[in-house]
Amino acid sequence: MTPYKDLSREELLQEKESLEKQFAEVKAKGLKLDMSRGKPSAAQLDLAMGMMDVLNSSTDLKCREGVDCRNYGVLDGIREAKELLADMTEVSPDNIIIYGNSSLNIMYDTVARSMTHGVMGSTPWCKLDKVKFLCPVPGYDRHFKITEHFGIEMVNIPMHADGPDMDMVEEYVNNDPAVKGIWCVPKYSNPQGITYSDETVRRFARLKPAAEDFRIYWDNAYGIHHLYEDKQDNLVEILMECKKEGRPDMVYKFCSTSKVSFPGSGVAAIGASKANLEDIKKQMKIQTIGHDKLNQLRHVRFFGDIHGMVLHMRKHADILRPKFETVLDGLKTELGGLEIGSWIEPRGGYFISFDALPGCAKAIVAKAKEAGLVMTDAGATFPYGKDPLDSNIRIAPSYPTPEELKVATEIFVLSVKLVSIDKILLEK
């Protein structure tokens, strides 16, 4: 296909007229399609329905160590749940605390605790003149909302094919004591699907923070969310790398089963050094008597072990893979060669990241909405909702049916073409 920028004004106007007719036809259907968030589909949720049957009124509800899971106790999680999520996140069961249903909740708590009580004896952040967080962009909007909520200054760090710009990360972390953390989605990142390279992870472990209470917020949300059996990304284990470098306390590792079992009813955990965990437990002892042990038991008995979880995730992949391929094929077929957008083909995770021509993202999302397609707000993948280039759009293929996805992709590419033509016409 001829790049749009190489077409004459007359050719562009002719193309626009044809596209507007197609857009009007789709719009007339009165569709209501949602690609706004990475929600599992009903078919994915059905995969875990057996979990509802593993516990009943006649089940032995004691965990392996003999604790009655119906009662109080076991602040940091039953042993078998620790083992399951430790294997999931590749740490020792001794380096993990089991929480409730949400890793986002743990991250919020971790920032809140640092604000009010400091980190392992350091000055509470609320008593400091300035606190900064590094934010690889594009990134996860809910991470940025947490730090924005607490008034923490966020600094954009560009993402490259191998992870965040580590030259910038090292410059900030090693020289500015106000930098207290960095948000990371290190495997199949949200939204680009990038996995940090071995060297990137090792450079993280070799950081020499100017702040003693600096922490890497390592949100390994998609650690086992592969799309392909024969094409899987591997990630170096950060906790061990930090330990090797003599900085075992520098990282908090977060995980959950939210997109493995049931979102909102899963099990979440934090992995960290023993010193960090002891610091966290001081607050937990006041905050709670213990999280939902019946839910922990339910997950363990349903999955059995990490091998059961891996087999379960293959079923998720079988549902997700065709959806991703539908969107990617549509982008390739309709936009390939036009030079009005670029995208990454992920091997896992929940999103496809699309970069439109600068200044077009908001208009494309608004145009798609006209035809009944709701997408993530343009700019959401940047702190404060401000994409400096107004270019990045997050596509979430998981929730719609395959049939809906085909139509959603058609609406999206039409929107990209129409908005891009308007921009190029203005510049001609």
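The values are calculated or read from the model by the stated rules, or taken from the named source; none is laboratory data. Here the structure is a predicted model, which means the values were calculated and not measured. So basically every Cβ, Gly included, is an ideal-geometry build from the backbone, and we count neighbours across all protein chains shown. Surface accessibility is based on the protein's heavy atoms, side chains included, excluding ligands, DNA and RNA. Shrake-Rupley method; radii C 1.70, N 1.55, O 1.52, S 1.80 Å.
With every protein chain left in place, what is the accessible area per residue of the range 269-355 in square angstrom, probe 1.4 Å?
43 Å²
Summarise the long-distance tail of P(r) for the range 275-386 by giving the % of C-alpha pairs beyond 15 Å.
Details: 4906 of 6216 pairs.
The calculated P(r) of the range 275-386 puts 79 percent of pairs beyond 15 Å.
About the Cα centre, and with charges only on the beta carbon of Lys, Arg (+1) and Asp, Glu (-1), how big is the dipole of the range 140-184? Nearest 20 debye, please.
With Lys and Arg at +1 and Asp and Glu at -1, about 320 debye.
Quote the relative contact order of the chain in percent (integer), defining contacts as alpha-carbon pairs under 8 Å separated by 6+ residues.
Working: 804 pairs, mean separation 109.3, N = 428.
Relative contact order comes out at 26 percent.
Go through K281/K386; K5/K332; K130/K369; K82/K243 and tell me which ones have a Cα-Cα distance over 28 Å in this structure. Mind showing how you got there, number by number?
Numbers: K281/K386 36 Å; K5/K332 18 Å; K130/K369 39 Å; K82/K243 20 Å.
As for pairs spanning more than 28 Å Cα to Cα, those are K281/K386; K130/K369.
If you build a Gaussian network model of the chain, linking Cα atoms that sit under 10 Å apart, which residue out of V236, V185, V251 swings the most?
Between V236, V185, V251, it is V236 that shows the largest mean-square fluctuation.
Can you give the convex hull volume of the alpha carbon atoms of the range 90-223 per residue, in Å³? Write out the running numbers ahead of the final one.
On the way: hull volume 15.4 nm³, N = 134.
Once divided by residue count, the hull of the range 90-223 is 115 Å³.
I'd like the accessible area for L426, computed on protein heavy atoms only with a 1.4 Å probe and all protein chains in place. Round to 10 Å², please.
For L426, solvent-accessible area is about 150 Å².
Give me log10 I(q)/I(0) at q = 0.13, 0.18, 0.24 Å⁻¹ for the range 151-239, Debye formula, one equal scatterer per alpha-carbon, no solvent.
The computed values of log10 I(q)/I(0) come out as -0.43, -0.79, -1.30.
Using a simple charge model, +1 on the beta-carbon of Lys and Arg, -1 on the beta-carbon of Asp and Glu, nothing else, what dipole does the range 177-331 show about its Cα centre, in debye to the nearest 20? Don't skip to the answer; put the middle values down first.
Details: 24 positive and 19 negative charges, 97 e Å.
Computed about the Cα centre, the dipole is about 460 debye.
Could you please state how large a percent of the accessible area of the chain is carbon and sulfur, counting protein chains only and using a 1.4 Å probe? Show your work: numbers first, answer last.
Details: 9160 of 18480 Å².
In the chain, the share of accessible area belonging to carbon and sulfur is 50 percent.
Filter the trypsin sites (Lys or Arg not before Pro) in the range 383-427 down to the DSSP loop ones having no more than 13 other Cβ atoms within 10 Å, then list what survives. Walk me through the numbers before you get to the answer.
Numbers: sites: K386, R394, K406, K417, K423; in loops: K386.
Here the trypsin sites (Lys or Arg not before Pro) that fit, given the DSSP loop and packing criteria, are K386.
Students often get this wrong: which residues of the range 119-158 have the backbone nitrogen under 15 Å from the point 7 angstrom along Cα-to-C-beta of I286?
Of the residues in the range 119-158, 119-122, 124-126 have backbone N under 15 Å from the label point off I286.
Taking the DSSP beta bridges in the chain as the whole, what percent of them are antiparallel, to the nearest 5?
Working: 18 of 38 bridges.
Percentage antiparallel, nearest 5: 45.
With +1 on each Lys and Arg Cβ and -1 on each Asp and Glu Cβ, and nothing else charged, work out how big the dipole of the chain is about its Cα centre, in Debye to the nearest 20. Let's see the in-between values first.
Numbers: 55 positive and 62 negative charges, 222 e Å.
Rounded to the nearest 20 debye, it is 1060 debye.
Largest first and to the nearest Å, give the Cα extent of the range 379-425 along each principal axis.
34, 31, 8
Would you mind listing how long the range 1-43 runs along its three principal axes, going by Cα atoms, in whole Å with the largest first?
47, 24, 14
Kindly state, as a whole number, the per residue volume in cubic angstrom of the convex hull around the alpha carbon atoms of the range 225-342. List each step's numbers first, then the result.
Details: hull volume 22.4 nm³, N = 118.
Per residue, the Cα convex hull of the range 225-342 comes to 190 Å³.
When the chain is treated as a GNM, springs tying every alpha-carbon pair under 10 Å, which of T333, T376, T110 comes out with the largest mean-square fluctuation?
Among T333, T376, T110, the largest mean-square fluctuation in the Gaussian network model of the chain belongs to T333.
Give me the angle, in degrees from 0 to 90, between the Cα long axis of helix 166-175 and the longest principal axis of the Cα atoms of the chain, rounded to the nearest 10.
Around 50 degrees separate the two axes.
So what's the gap between the Cα centers of the range 207-270 and the range 1-69, to the nearest angstrom?
If you average the Cα positions of each part, the centres end up 25 Å apart.
Can you find, among P138, L85, M52, the residue farthest towards the positive end of the dipole of the chain? Put +1 on the C-beta of Lys and Arg, -1 on that of Asp and Glu.
The residue sitting farthest along the positive end of the dipole is M52.
If I build a Gaussian network model for the chain, linking alpha-carbon pairs within less than 10 angstrom, which residue out of P397, P191, P93 has the largest mean-square fluctuation?
P93
Take the alpha-carbon centre of the range 100-137, take the same for the range 340-392, and report the distance between them in whole Å.
Their Cα centres are 29 Å away from one another.
Between the helical axis of 79-89 and the dominant principal axis of the chain, each derived from Cα atoms, what acute angle in degrees is found, rounded to the nearest 10?
Here the helix axis deviates by roughly 40 degrees.
Greater than 20 Å separation of Cα atoms is the criterion. Which listed pairs, K16/K417; K145/K406; K367/K423, meet it? Walk me through the numbers before you get to the answer.
Details: K16/K417 8 Å; K145/K406 32 Å; K367/K423 14 Å.
Violating the 20 Å Cα-Cα cut-off are K145/K406.
If you rank Y72, Y217, Y108 by how much accessible surface each has, with a 1.4 Å probe, what is the order from largest down?
On the way: Y72 170, Y217 0, Y108 90 Å².
Highest to lowest solvent-accessible surface, that is Y72, Y108, Y217.
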